[in-house]
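Peer 1: Got a structure for you, questions after.
The values are calculated or read from the model by the stated rules, or taken from the named source; none is laboratory data. Remember, it's a predicted structure, so these values are computed and weren't measured experimentally. A quick note on method: Cβ atoms are made from the backbone with ideal geometry, for glycine too, and the neighbour counts reach across all protein chains shown.
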Amino acid sequence: MICGMNARDPQLDAEAIAALRCPVCHQPLDVDRRSLCCPVGHRFDLARQGHVDLSRGRVTHQGDTAEMVTARAVLLAAGHLASVSDALAGAVARDAAGLVVDVGAGPGHHLAKILDARSGLCGLAVDVSQAALRKAARAHRRAVAVRADVWRALPIATASARVVLDVFAPRAPREFHRVLRADGQLIVATPTRAHLREIAEPLGLIAIDPQKEQRLSSTLTPLFAPSEIRERTAVVRLSHEEIRTLVLMGPSARHLAPETLSTRLARLPRQVDVTVSVSIGIWLPRGDDGGDGPG
């Protein structure tokens, strides 16, 4: 085990760690007390909270802030996005076994729900946000949290993942294809145009691109074949404070001043029925693309 403070499954910890690669020399990593190290001697210490940084400090963006992560964790814990987690777990093949790589995992909530539903899987929660990884490291006993940037290549062995999960997160099709096994699934969740429709305009939230699905398909189809597209829609009743939390967990938080948000919220009814609507695409990898990432 790499983290004695957590009730982890050492066998599945080992399976997840076996898929990791040194970000410097791309050699396999092994456990040495509270560090991961490669045969060449590169060493990566385990953070006190339980995650490991394999980014080498080189990331293209810093990811979610601590405030955004806290807001997301609060909303997820309240069950308002349970329909999304349930749909994601249902998209994973029932007999799936091996490794799930959750890219842009945030606090690891959706990954944990999948691991609860599929006992043969273990997980790697990948994110660039240190705040998110502190929570993801404790999200599930069969998950390991790793800091890495998908835009700079994942420190994960080629053809090691049974499932790659991407929920409202950056997408790098070539890297997804490289790390997936031939029998793997890429599961991508994106918001539909109905998502948050009751509050999007009144609050001035960032609009959803009407061409989002077409653009997603055009970027994935060279490397993946579409298997199934599922849409899951639910309506949740939210208070002003819950709506504020919902806004603060997403990209609109970076564009709305707190006082502006408060003014606009005050114009809404005290309770609002809000639509949560996502499209979940299941994609299967096409033949080898000749990628040359970490082996």
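Peer 1: Out of the residues in segment 54-70 that are within 16 Å of the chain's Cα centre (by Cα) and closer than 21 Å to GLY123 by Cα, state the one that is surrounded by the most Cβ atoms within 10 Å (Cβ to Cβ).
Peer 2: Only one residue tops the list, namely ASP64.
Peer 1: Keeping to segment 222-233, report how many residues are aliphatic (A, V, I, L, M), in contact with a helix residue (DSSP H, G or I) (Cβ under 8 Å, 6 or more places away or on another chain) and surrounded by fewer than 13 Cβ atoms within 10 Å (Cβ to Cβ).
Peer 2: Summing the residues that are aliphatic (A, V, I, L, M), in contact with a helix residue (DSSP H, G or I) (Cβ under 8 Å, 6 or more places away or on another chain) and surrounded by fewer than 13 Cβ atoms within 10 Å (Cβ to Cβ) in segment 222-233 gives 0.
Peer 1: For segment 39-146, give me every one of the helices (runs of 4 or more DSSP H) that falls completely inside it and has 2 or more residues that are in contact with a Gly (Cβ under 6 Å, 6 or more places away or on another chain).
Peer 2: Helices (runs of 4 or more DSSP H) meeting the threshold: 109-117, 130-136.
Peer 1: Now, a different point. Of all residues in segment 27-38, how many are of a type outside the set (S, T, N, Q), part of a loop (DSSP other than H, G, I, E, B) and more than 17 Å from VAL126 (Cα to Cα)?
Peer 2: Here the count works out to 3.
Peer 1: Can you name every residue in segment 125-145 that is of a type in the set (Val, Ile, Thr) and more than 25 Å from ALA87 (Cβ to Cβ)?
Peer 2: VAL128
Peer 1: Taking the stated definitions as given, is THR219 touching a Ser or Thr at 6+ places or on another chain (Cβ under 9 Å) and either surrounded by fewer than 16 Cβ atoms within 10 Å (Cβ to Cβ) or of a type in the set (S, T, N, Q) (or both)?
Peer 2: No: the conditions fail for THR219.
Peer 1: If you scan segment 71-107, which residues turn out to be surrounded by fewer than 18 Cβ atoms within 10 Å (Cβ to Cβ) and of a type in the set (S, T, N, Q)?
Peer 2: Answer for segment 71-107, where residues must be surrounded by fewer than 18 Cβ atoms within 10 Å (Cβ to Cβ) and of a type in the set (S, T, N, Q): just SER83.
Peer 1: While we're on this one: Would you point out which residue out of ALA145, ALA161 is buried (at least 24 other Cβ atoms within 10 Å of the Cβ), under 22 Å from GLY57 (Cβ atoms) and out of contact with any Cys (no Cβ under 8 Å at 6 or more places or on another chain)?
Peer 2: Exactly one of ALA145, ALA161 is buried (at least 24 other Cβ atoms within 10 Å of the Cβ), under 22 Å from GLY57 (Cβ atoms) and out of contact with any Cys (no Cβ under 8 Å at 6 or more places or on another chain), namely ALA145.
Peer 1: If ARG237 passes every condition in (1) farther than 29 Å from LEU124 by Cα; (2) part of a strand (DSSP E or B); (3) basic (Lys, Arg); (4) touching a residue at least 60 places away in the same chain (Cβ under 8 Å) but one, which one does it miss?
Peer 2: Exception for ARG237: condition (4).
Peer 1: Given the criterion at pLDDT 95 or above, hydrophobic (A, V, I, L, M, F, W, C) and closer than 23 Å to ALA105 by Cα, identify the matching residue among LEU216, LEU180.
Peer 2: Just a single option satisfies the conditions, and that option is LEU180.
Peer 1: Condition first: touching a Gly at 6+ places or on another chain (Cβ under 7 Å) and modelled with pLDDT of 95 or more. Can you find one or more residues in segment 236-252 that meet it?
Peer 2: no
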